[in-house]
1. For Val74, enumerate residues with amide H under 5 Å from its amide H, sequence gap 5+ or separate chain, H modeled in the peptide plane.
2. Amide H of Thr44 versus every other amide H placed in the peptide plane: which residues, excluding those fewer than 5 positions away on the same chain, fall under 5 Å?
3. Can you put Leu172, Leu179 in order, fewest other beta carbons within 10 Å first?
4. Taking 8 Å as the Cα distance limit and 6 or more residues as the minimum spacing, I'd like the relative contact order of the stretch 3-89 as a percentage.
5. I need the GluC sites (Glu not before Pro) found in the stretch 146-180, filtered to DSSP loop residues with at most 11 other beta carbons within 10 Å of theirs.
6. What does the charge count near Ser169 come to, summing +1 for each Lys or Arg and -1 for each Asp or Glu among other residues with Cβ under 13 Å from its Cβ?
7. Could you give me the ³J(HN,Hα) list for the stretch 54-65, computed from phi with Karplus coefficients 6.51, -1.76, 1.60 and θ = phi - 60°, whole Hz, x at Gly and Pro?
8. In whole Å, what are the extents of the stretch 1-73 along the principal axes defined by its C-alpha atoms, from largest to smallest?
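Every number here is computed from the coordinates shown, using simple stated rules; none is lab data. Please read these numbers as outputs of a predicted model, since none were measured by experiment. Heads up, the Cβs are rebuilt from the backbone with ideal geometry, glycines too, and the neighbour counts pull from every protein chain shown.
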Amino acid sequence: MNYIKAINAFYDHQEFNPLTSAAINLWHSLMHVNNKSRWKKEFTASMTVLCLKSNLSESSIRKARKELVEKGYVTFTSRPGNQAPIYRILPLYEEMDNETNSVEETSGGKSNGSDTGKSNTLSKQNETKEKEEVVETPAENPHHFYENNIGTLSPFIAEKITQWCEEMSDELVIQSMKLAIESNKRFFSYCEGILKQWQQAGVRTLRGAERAQKNQKKKRTTSKHEKNKSVFDKLREEVQI
């Protein structure tokens with residue numbers, strides 16, 4: 001799947017087949033899960049995962065899912081027991097093979113073996129490039145990062161993470177977790193302390209967070225130096241007395 005084409009086609013379809021905000025949110029969440037599965041035609045997604053990614057309740061997800069199915073954006077197949085449903089995101093744009101055929105038909109269908117080989121090779125290179133662009137830089141999920149690096153994700157912590165992601169950004173929340181791990185402070189209250197400092201300082205980007213950390217480190221170093229200097233001055237006065 002070409003991610004950029006899929007997004008553009010999705011919003012083009014919104015003009016004549018609009019969706020509610022909940023359905024749009026769910027579609028993007030499913031796209032993210034599909035990205036993680038390396039764009040399989042069919043993939044599974046549990047209700048818990050979709051709730052975390054979309055910040056929607058289970059009832060809202062069911063309603064939004066029904067809307068996506070009815071309007072031709074996705075299909076899903078439920079499975080017995082606690083097994084996650086199987087989803088498929090329906091393509092809203094023509095695949096590359098169809099585009100290639102269209103070009104050949106427009107040119108009168110004339111091509112020799114060499115041209116066909118070049119076309120097929122170029123097509124494969126483009127497909128490989130598109131897959132690499134998507135897979136190489138997947139967006140990190142703060143909830144997953146917490147589970148994989150800090151500890152068990154309780155509903156309370158999950159809600160806290162979601163709130164901070166809305167107030168700041170996913171990248172800054174993950175960065176606060178990385179700093180907590182580096183300081184061996186593997187609890188979310190420490191991350192919140194960092195996020196509150198950034199919020200008060202007006203930090204909105206990772207670069208801004210890095211500057212804030214450098215300034216904080218500089219202040220601590222200066223304070224320590226002044227404290228040591230004060231102790232030295234006091235000792236010198238005592239010696240003089």
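1. It is Val69, Leu90, by chain and number.
2. Amide H neighbours of Thr44: Tyr87.
3. Leu179, Leu172
4. Numbers: 81 pairs, mean separation 27.3, N = 87.
Relative contact order comes out at 31 percent.
5. Values: sites: Glu147, Glu159, Glu166, Glu167, Glu171; in loops: none.
Here no loop site has a sparse enough neighbourhood.
6. Details: positive: Arg204, Arg207; negative: Glu140, Glu166, Glu167, Asp170, Glu171.
Result for the local shell: -3.
7. 9, 6, 10, 6, 4, 5, 5, 5, 4, 5, 5, 5
8. 29, 27, 18
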